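The structure appears below as structure tokens.
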Amino acid sequence: MGNQVEKLTHLNYKEVPTADPTGVDRDEGPRIGVSYIFSNDDDELEQQQDSVHDLGGEHPALQPYDPQLHEVECSVYYRDECIYQKRGGGHLSTYTPENLLNRCKPGDLVEFVCQAQYPHWVVYVGDFQVVHLHRLEVVNSFLTDASQGRRGRIANRLYRYKPLSPAAVVRNALEQVGCKDRDLSWRNSECFAAWCRYGKREFKIGGELRIGKQPYRLQIRLGDKRSHTLEFQSLEDLIMEKRRNDQIGRAAVIQELSSHLQAAEEEEEEEEEDHHPGRSYPSPLPPLSLPLCPLCA
């Protein structure tokens, strides 16, 4: 546990150039928040894949995958500003790794998706190669190898931050190759890839220190004109929850939230009954019988 805590508190604020025109990320002071302290979803992804091979079952990447059926549509807000949005339709279209090679440009972010797995993000650096966080190490791989047979999409438009130049994105990624274990500043592949493209420390472990009101909101779409909103103190925590939703799938998220909301409504009804046991409402008073005015008789 000591090593985990040391890793959590290992902050590295030696920032790369950011989206600010001056090339410096404005420091607004310490920002305090809670974290998924002992969780690393990319580790869990690898364990799932290994267990599938050990059991001799069908690999999830080989099963049919329908983004409209499995993925959770959601929006992320920082206070009142929308900073991330995943919508249905063509935005969720996926392609084979070979097809992606014809679409990618250096500096692009690619999201590989598969049923019952966490999304895996990579940074395309050119020459058919990507840089990504894999098994607690930043590595350089061929895009087809990094996909592990999964379909993917170019994910540049999911986050709405202003991106760095393609050259800066590639440089940020390549400079981190070989970084591993407790020297890592990112909890998963999505945070690493997004940091490379946008240069924001909010994507780093402990990059935000916050106390008090939770400024981030994850709005999950449950259906037509129905949604549910969760609040977080840090972007890191929100991303972890968002990725968990992607891993368990849309149907499970809807069922989970529906059960939670139903239980909450029943609890509110019970509390109302406890506060006002046997409440009875008086019947309305009978109408008054007044003598008629002599002039109106």
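Points worth noting:
- Long-range neighbours under 7 Å by Cβ, at least six apart or interchain, first residue more than 19 Å from H260 (Cα to Cα) and in contact (Cβ under 8 Å) with a residue 40 or more places away in the chain within segment 221-238, second among the aromatic types (F, W, Y) and open to solvent by 30 Å² or more (accessible area, probe 1.4 Å): D237/Y36
- Taking the listed residues D224, D183, D237, the one that is among the acidic types (D, E) and in contact with a strand residue (DSSP E or B) (Cβ under 9 Å, 6 or more places away or on another chain) is D237, with no other qualifying.
- Residues being in contact (Cβ under 8 Å) with a residue 24 or more places away in the chain and either under 11 Å from I154 (Cα atoms) or in a loop (DSSP other than H, G, I, E, B) (or both) - total across segment 74-96: 7
- Test result for K162, open to solvent by 60 Å² or more (accessible area, probe 1.4 Å), without any contact (Cβ under 8 Å) to a residue 24 or more places away in the chain and assigned to a loop (DSSP other than H, G, I, E, B): no
- Restricting segment 165-178 to residues that are closer than 26 Å to Q117 by Cβ and outside any helix (DSSP H, G or I), the residue that is most open to solvent (accessible area, probe 1.4 Å) is V177.
- Listed by position, the helices (runs of 4 or more DSSP H) inside segment 179-297 whose residues that are modelled with pLDDT under 95, open to solvent by 40 Å² or more (accessible area, probe 1.4 Å) and charged (D, E, K, R) number at least 2 are 250-275.
- Count of residues meeting criterion [surrounded by fewer than 21 Cβ atoms within 10 Å (Cβ to Cβ) and not in a loop (DSSP other than H, G, I, E, B)] in segment 125-141: 6
- Taken across segment 102-124, residues that are in a strand (DSSP E or B), surrounded by fewer than 18 Cβ atoms within 10 Å (Cβ to Cβ), in contact (Cβ under 8 Å) with a residue 40 or more places away in the chain and in contact with a helix residue (DSSP H, G or I) (Cβ under 9 Å, 6 or more places away or on another chain) do not occur at all.
- Single residue of segment 142-152 satisfying the filter (touching a residue at least 24 places away in the same chain (Cβ under 8 Å) and part of a strand (DSSP E or B)) that is surrounded by the fewest Cβ atoms within 10 Å (Cβ to Cβ): R151
The values are calculated or read from the model by the stated rules, or taken from the named source; none is laboratory data. Since this is a predicted model, take the numbers as computed values, not measurements. Cβ: placed from backbone, ideal geometry, glycine included. Neighbour counts: every protein chain shown. The protein model used for the area step is the full one, side chains on, heavy atoms only, and it has no ligands, DNA or RNA in it. Shrake-Rupley method; radii C 1.70, N 1.55, O 1.52, S 1.80 Å.
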